[in-house]
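**Student:** Let me begin by handing over the structure; questions about it come next.
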Amino acid sequence: MFKAIKNFSARVFGSNKSTARDAALIDMLTKRLRGSYDASRTTDEFRNYWANADSYDADSANSKAVRHTLIARSRYEIGNNPYADGIAQTITNDLIGNGPTLRMQSSSEGFNQMVELAWFQWTQAVGLPQKLWCMAHAKHVDGESFAVMRRNPRVGNPIPLDIVLYEAEQVQTPYLPFTEPGYIDGIKFDDFGQPLWYDLMHSHPGASNGQRLDLNAEQVPASAMLHWFRVRRPGQHRGIPEMVSSMNAGAAARRWREANLSAAERAAILTLMMETPMSPDEADAVAPFTTMDIEKGLMSFLPMGWKPNQLEGKFPTANYESFNKSLINEMGRSVNMPRNKAACDSSDYNYASGRLDHGTYYDSLDVGRNSCNASVLTRIFLVWFDLAIERYGWLGGNSEAVGPGARLHIWDWPKHRVADVEAEANANKVKLQSGQIGLHRIYSDAGLDIQDEMQAMATAYGVPPEEVRKRLFDVALPPVQQGGAPSVAKAADDAVAAAFRTLERRNAPMKPNGVSHEN
C-alpha cells in the first residue's frame with residue numbers, strides 16, 4: 001500500500017521531490033485511516049459488553065424466536081412485579097381511558113349528530129372501549145396487538161360488524177418459506193412493502209385445553225386486520241414489548257427486595273449467638289454451631305467463658321429505598337412515565353417537578369393516541385360507515401357514491417388530568433380573551449364537542465342554543481364600550497380602588513398633632 005502511495009506522490013509532485021514529502025503524505029493518509037469513534041473500538045475492557053451487538057435488519061432482529069421469548073418474559077414480569085403491572089395498567093388507563101368520542105366534520109349538523117349517535121350505540125354493543133383498552137395493554141406487554149374486523153350477526157346492533165382480538169403468537173406462519181421474498185413470520189407483502197395478508201392460527205399455540213393444534217393458518221386480508229405496534233426502525237413489521245429495555249431492572253428490583261428480606265429473616269431467626277474470647281482449653285467445650293432452644297420468661301446459665309451476642313437488625317439497609325426508587329425510575333423511563341406515577345408515590349415531589357416530568361409523559365400519550373387513530377379507530381370507522389350507509393340508507397344508500405367529505409371526522413380523547421385545575425382554568429381564560437385559542441379548541445382538548453355541550457346547556461337553562469352561543473361569545477370576547485362611557489368593569493375597579501384608599505387613610509399612622517401622614 002505504501003508503494004502505491006509513493007507512486008501516486010511521484011505522479012503528482014514529480015519523481016525528483018524529496019522523500020520527506022512522501023513520508024508526510026503517507027503519514028496524513030494513514031492518520032485518516034486510523035480515525036474512528038471510541039465506541040467503535042473493541043477493547044479488552046468493553047469486549048464482553050459489546051459481544052451481543054449485531055447487524056441484523058429490523059425483521060431479523062425481531063425474529064419469531066426472539067419475539068416469543070420476550071413476550072413470555074414480559075408477561076412473567078407483569079405478573080410478578082407489582083410496579084411493572086402498575087405501570088402497564090396506568091399507561092393503558094391514561095392512554096385509552098373510557099375511549100375516544102367520534103366527532104363528525106361534515107357540513108350538516110343533523111347528519112353529524114345522527115352518525116355520532118349510531119356510532120356510539122354500535123361501540124357499546126360490541127364493547128369497543130374495553131377492546132381498545134385490551135389492545136393498548138397487549139401493545140405495551142407484548143409489543144403488538146391484533147384484531148380482525150369480522151361480520152357477526154349476533155352483535156346486537158343493526159350493523160353486524162364485530163372486532164375480534166387475537167394474541168401475537170397466533171399471527172405466525174407455520175411453514176415459513178425462507179426463499180420467498182416479501183414474506184416474514186405471519187405477514188405477506190406486495191412489491192411495495194404493503195401487507196397483502198396475515199397468517200392467523202385458528203388456536204393459540206400455547207393452548208392446553210386438549211384441542212389439536214391446526215397448522216393450517218387462515219389468510220386474513222390486510223384490509224380486515226388491525227395491527228397496532230410502535231415502529232422504531234425502518235423496515236420493522238413486528239413489535240416487541242415496550243419495556244424490553246427495562247425488564248432486567250424489574251428482575252433486579254425483585255432480587256434486591258428478596259435479598260433484603262432474606263437477610264432480615266436470618267437476623268431475626270438467630271435470637272442469640274454465643275461467642276467467647278477464651279481459648280478452647282480455657283472455656284467449656286461446646287460443639288461448633290450447636291443450637292439450643294430458649295424458653296420464654298426463663299433465665300439460663302451459660303457455660304463458662306461464653307457470652308450471648310444478638311445480631312443487629314440492619315435490614316433493609318439505609319440505601320434500600322434510594323436504590324429501589326432508582327430501579328422504578330428505570331422501569332418507567334422506557335415508557336416516558338415519571339417515577340412518582342410509576343411508583344404511585346408523590347411524597348417527595350413538589351408541584352413544579354411533577355408538572356415538568358409529566359410533560360414528556362403526556363407527549364408520549366399523544367403520540368400513542370395518534371397511532372391508535374391511524375392504525376385502529378379510523379380503519380374501523382370507515383368500514384362501519386360504509387355498512388351504515390347501506391343499512392340505514394344514508395346519502396342514497398350507496399357507499400361507493402359517497403364522497404370523502406361525508407366521511408370527515410376527528411376523535412376527541414379524554415383530557416389529560418392536571419393537578420392544579422384552577423391554574424389551568426385561569427390560563428385558558430387568558431388565552432381565550434387574548435385570542436390565542438378558541439373556545440372550540442378548549443372543549444376539544446377536554447374531549448368534548450362544543451355543539452353538544454351548548455345544546456346541553458341550553459336545555460339545562462331553558463334558553464335557546466343561540467342565546468348560549470351569544471353568552472359564551474361575550475365571555476370569550478367582551479364587547480368594546482362605545483362613546484368613551486366608562487364600562488361596568490371599570491366602574492367596579494374604580495370603586496375597589498377608592499375602598500382601598502379609604503382603608504389606607506384609616507390605617508395610616510398619626511402625627512403627634514393628630515394629623516395623618518397622608519400627602
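**Student:** Among the residues of the stretch 328-379, which ones are in a helix (DSSP H, G or I), among the aliphatic types (A, V, I, L, M) and either under 20 Å from GLU424 (Cα atoms) or touching a helix residue (DSSP H, G or I) at 6+ places or on another chain (Cβ under 9 Å) (or both)? Reasoning before the result, please.
**Tutor:** Kept after step one, since they are in a helix (DSSP H, G or I), are these residues of the stretch 328-379: 328-333, 339-343, 351-379.
Subset that is among the aliphatic types (A, V, I, L, M): 328, 331, 342-343, 352, 356, 365, 367, 374, 376-377.
Matches in the stretch 328-379: ILE328, MET331, ALA342, ALA343, ALA352, LEU356, LEU365, VAL376, LEU377.
**Student:** Among what's in the stretch 144-174 and is modelled with pLDDT of 95 or more and of a type in the set (Val, Ile, Thr), pick the residue that is nearest to ILE240 (Cα to Cα).
**Tutor:** This residue is VAL171.
**Student:** Condition check: part of a strand (DSSP E or B), among the hydrophobic types (A, V, I, L, M, F, W, C) and either out of contact with any strand residue (DSSP E or B) (no Cβ under 9 Å at 6 or more places or on another chain) or within 18 Å of LEU382 (Cα to Cα) (or both). Does MET114 satisfy that?
**Tutor:** no
Residues are listed down the side, and each one gets a yes or a no for (1) in a helix (DSSP H, G or I); (2) under 38 Å from the mean Cα position of the chain (by Cα); (3) at pLDDT below 80:
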site: LEU448; (1), (2), (3): no, yes, no
site: GLN455; (1), (2), (3): yes, yes, no
site: VAL463; (1), (2), (3): no, no, no
site: ARG469; (1), (2), (3): yes, yes, no
site: GLY483; (1), (2), (3): no, no, yes
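**Student:** So, in the stretch 218-243, how many residues would count as being in a strand (DSSP E or B) and of a type in the set (Val, Ile, Thr)?
**Tutor:** Summing the residues that are in a strand (DSSP E or B) and of a type in the set (Val, Ile, Thr) in the stretch 218-243 gives 1.
**Student:** Could you check how many residues of the stretch 348-368 are crowded, with 17+ Cβ neighbours inside 10 Å and modelled with pLDDT of 90 or more?
**Tutor:** 3
**Student:** Okay, moving on. From the list ALA427, ALA406, ALA423, ALA419, which one is within 22 Å of the chain's Cα centre (by Cα), small (Gly, Ala, Ser) and closer than 26 Å to TYR443 by Cα? Let's see the steps before the verdict.
**Tutor:** Details: ALA427 fails: within 22 Å of the chain's Cα centre (by Cα); ALA406 fails: within 22 Å of the chain's Cα centre (by Cα); ALA423 fails: within 22 Å of the chain's Cα centre (by Cα).
After ruling out the rest, the residue left standing is ALA419.
**Student:** Right, something else. Those residues that are surrounded by 14 or more Cβ atoms within 10 Å (Cβ to Cβ) and more than 28 Å from the chain's Cα centre (by Cα), I need them from the stretch 126-152; list them, please.
**Tutor:** Answer for the stretch 126-152, where residues must be surrounded by 14 or more Cβ atoms within 10 Å (Cβ to Cβ) and more than 28 Å from the chain's Cα centre (by Cα): just ASN152.
**Student:** Restricting to the stretch 45-82, and then to whatever is part of a loop (DSSP other than H, G, I, E, B) and touching a Gly at 6+ places or on another chain (Cβ under 9 Å), can you tell me which residue is surrounded by the most Cβ atoms within 10 Å (Cβ to Cβ)?
**Tutor:** The residue in question is ASN62.
**Student:** Which residue pairs have Cβ atoms closer than 8 Å, lie 6 or more positions apart in sequence or on different chains, and pair a first residue in the stretch 359-384 that is farther than 23 Å from MET225 by Cα with a second residue that is surrounded by fewer than 17 Cβ atoms within 10 Å (Cβ to Cβ) and of a type outside the set (Gly, Ala, Ser)?
**Tutor:** Going by the 8 Å Cβ cut-off, the qualifying pairs are TYR362/HIS416; LEU365/HIS416.
**Student:** Considering only residues that are among the small types (Gly, Ala, Ser) and surrounded by 14 or more Cβ atoms within 10 Å (Cβ to Cβ), look in the stretch 391-415 and name the one that is nearest to PHE120 (Cα to Cα).
**Tutor:** Checking each candidate, the answer is ALA406.
**Student:** Scan the stretch 403-426 and give yes if some residue there is at pLDDT below 85 and touching a helix residue (DSSP H, G or I) at 6+ places or on another chain (Cβ under 6 Å), otherwise no.
**Tutor:** There is at least one residue in the stretch 403-426 that is at pLDDT below 85 and touching a helix residue (DSSP H, G or I) at 6+ places or on another chain (Cβ under 6 Å).
**Student:** Considering each of SER208, SER246, SER262 in turn, give the residue that is polar (S, T, N, Q), assigned to a loop (DSSP other than H, G, I, E, B) and either at pLDDT below 95 or in contact with a strand residue (DSSP E or B) (Cβ under 8 Å, 6 or more places away or on another chain) (or both).
**Tutor:** SER208
**Student:** Under 7 Å by Cβ, and 6 or more places apart or on different chains, what pairs join a residue from the stretch 412-426 that is part of a loop (DSSP other than H, G, I, E, B) with one that is among the charged types (D, E, K, R)?
**Tutor:** Here the result reads TRP413/ARG369; LYS415/ASP445; VAL418/GLU424, each pair linking the stretch 412-426 to a residue that is among the charged types (D, E, K, R).
**Student:** Same structure, new question: Please determine whether any residue of the stretch 171-179 is in a strand (DSSP E or B), touching a Gly at 6+ places or on another chain (Cβ under 7 Å) and not small (Gly, Ala, Ser).
**Tutor:** Keep residues of the stretch 171-179 that are in a strand (DSSP E or B), which gives 171.
Cutting the leftovers down to touching a Gly at 6+ places or on another chain (Cβ under 7 Å) gives us 171.
Adding the requirement that they be not small (Gly, Ala, Ser) leaves 171.
Yes: the stretch 171-179 contains one or more residues that are in a strand (DSSP E or B), touching a Gly at 6+ places or on another chain (Cβ under 7 Å) and not small (Gly, Ala, Ser).
**Student:** Tell me, which residue of the stretch 201-236 that is surrounded by 19 or more Cβ atoms within 10 Å (Cβ to Cβ) and within 23 Å of the chain's Cα centre (by Cα) is nearest to ARG379 (Cα to Cα)?
**Tutor:** Ranking the candidates gives LEU226 first.
**Student:** Let me ask something else about it. Taking into account only those residues within the stretch 302-335 that are closer than 12 Å to TRP256 by Cβ and among the small types (Gly, Ala, Ser), which is modelled with the lowest pLDDT?
**Tutor:** It comes out as SER322.
Residue-by-condition table, conditions (1) within 24 Å of TYR166 (Cβ to Cβ); (2) of a type outside the set (Lys, Arg):
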position	(1), (2)
ALA61	yes, yes
ARG75	yes, no
GLY79	yes, yes
GLN89	yes, yes
SER107	no, yes
VAL115	no, yes
ALA118	no, yes
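**Student:** Against the condition closer than 21 Å to ALA374 by Cα, in contact (Cβ under 8 Å) with a residue 12 or more places away in the chain and among the acidic types (Asp, Glu), how does ASP142 come out, does it pass?
**Tutor:** Criteria met by ASP142.
The values are calculated or read from the model by the stated rules, or taken from the named source; none is laboratory data. Just so we're clear, the structure is a prediction, and the values are computed from it rather than from any experiment. FYI the Cβ positions are ideal-geometry reconstructions off the backbone, even for glycines, and counts take in every protein chain you see.
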